[in-house]
Amino acid sequence: MSESFDIRKWFKSHDELLVISGPCSVESREQLLTTAEGLSKIERVKVLRGGIWKPRTRPETFEGIGEEGLKWMREARERYGFLTMTEVAVPEHIELAMKYGIDILWLGARTVANPFSVQDLAECLRGCDVPVFVKNPIAPDLKLWLGAFERLGGAGVKYLGGIHRGFSSYEETPYRNAPLWEIPIELLRLRHDIPIITDISHICGCRELLQEVAQTALDMGTLGFMIETHCNPDQAFTDAQQQITPESLKNAINKLTFRKKKVDKDEFVLQNLRKEIDEIDNELLNLLAKRMNVSEKIGDFKKQHNVTVLQMDRWKNILEDHINKGINLGLNSESVKEIFEIIHKDSIDRQL
Ligand code: PEP
Ligand code: MN
């Protein structure tokens, strides 16, 4: 762990993977300092995280140690040279975090879901140059996430980052919070000024999936990780199943495959394959336009002959048929279904 890590510089260059680790909740001085000591042996960990105020789903569970824990965060900072980071949910948290020299703040998934809270926090941060990371809201709602960046940016927060922590869903998934990678990708497309890191702990919810999800995030080009660690994970007051020891974190980091961000000039194979993909995409677009053309002609015919636009039986049959053909071609049946649903909706809209 180097003492000279400059988070503001990182916001400009993202030249190294930002690894943030520490307990879900700060529980005691001993727990925090022991965990921090373990983390200090991992070169890549630059930031110590610790939840001081915990947004719990149910009352009468551990809701965080409060102000006292900030003193231990400061002690860990002085002892091991980490930058420190905590979650703030109300303006008073920001004031206390600043008082104890916390270096970086984050807004949690539950807070980001509430624009009133985000606005209050943004007002409190006005004129303050502390870096702030914003977790995605619990629900898969990109606009809420975007709105939080806009509120904070509007209040002059200069160092703004995103934390992808997965999304709650009713569908059964192996994850605690489904990653839905398309959402952070779309955020990146709309706001390439915002660096995004991945909170693999809250995506996974268990230790077993961490390695795989960390690798996926790296392959997707994540700029950093937030990973919960605890000196005695099984005894953790919160999120015990997903926390790992600093030692396991060290092993997990060593097992990661780091890939190059850019392709070397001489990698013709990839360049040619990309060219091929571009040509196929072109063909797809041309075919789609041709299909819509035919669809409009069918629409005219239906109008002339007074036939309803939606022909449910035919739609059911063709969808089933396309899905089966897709399966035979080795395609994913869900994707084929979704693609044709979109195409069909567009056709119907044109015929109305
Ligand atoms: C946390 O980081 O411990 C936390 C509560 O996260 P989230 O807001 O993503 O649930
Ligand atoms: Mn947690």
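The values are calculated or read from the model by the stated rules, or taken from the named source; none is laboratory data. Everything quoted here is computed from the prediction, not taken from an experiment. Reconstructed Cβ throughout: ideal geometry from the backbone, glycine too, with neighbour counts over all protein chains shown. Just the protein is used for accessible areas: all its heavy atoms, side chains included, with ligands, DNA and RNA removed. Shrake-Rupley method; radii C 1.70, N 1.55, O 1.52, S 1.80 Å.
Taking a ≥ b ≥ c as the square roots of the eigenvalues of the Cα gyration tensor, an a/c ratio below 1.5 marks the stretch 7-255 as rounded. Computed per residue of the chain from DSSP H runs no shorter than four, each worth -39500 (n - 2.57), the mean residue ellipticity at 222 nm is -15500 deg cm²/dmol. Spacing of the modelled spin labels on residue 207 and residue 247, each 7 Å from Cα toward Cβ, amounts to 1.1 nm. Between rounded, prolate and oblate, where does the stretch 268-351 land on the alpha carbon gyration tensor, with a ≥ b ≥ c its root eigenvalues, rounded for a/c under 1.5, else prolate if a/b exceeds b/c? Cα axes put the stretch 268-351 in the oblate bin. Counting only protein heavy atoms and using a 1.4 Å probe, the accessible area of residue 110 comes to about 100 Å². The angle separating the long axis of helix 268-304 from the principal Cα axis of greatest extent in the chain is about 50 degrees.
For the listed residue pairs 316/337; 135/260; 297/337; 12/46; 71/99; 41/262, the alpha carbons are over 20 angstrom apart in 135/260; 297/337; 41/262.
Putting +1 on Lys and Arg Cβ atoms and -1 on Asp and Glu Cβ atoms, find which of 17, 311, 285 reaches farthest to the positive end of the dipole of the chain. Going by the Cα projections, it comes out as 285. Summarising the amide proton neighbourhood of residue 24: residues at separation of 5 or more, or on other chains, whose placed amide H is nearer than 5 Å comprise 229. Given their separation in residues at 0.36 nm each and the Cα-Cα distance between them, residue 150 and residue 329 gain 60.0 nm when the chain is fully extended. A 1.4 Å probe run over the stretch 301-352, with the rest of the protein chains in place, finds 79 Å² accessible per residue. Working ranking of peptides 242-251, 268-277, 193-202 by packing, defined as the average number of other Cβ atoms within 10 Å per residue, highest first, is 193-202, 242-251, 268-277. Note down the relative contact order for the chain as a percent, whole number, built from C-alpha pairs under 8 angstrom at least six residues apart. It comes to 13 percent, rounded to a whole number.
Of the GluC sites (Glu not before Pro) found in the stretch 136-207, the ones in coil according to DSSP and having at most 15 other Cβ atoms within 10 Å of their Cβ are 171, 172. Partner aspartates and glutamates whose Cα lies under 20 Å from the Cα of residue 302, excluding those fewer than 8 positions away in the same chain, are identified as 313, 346, 349.
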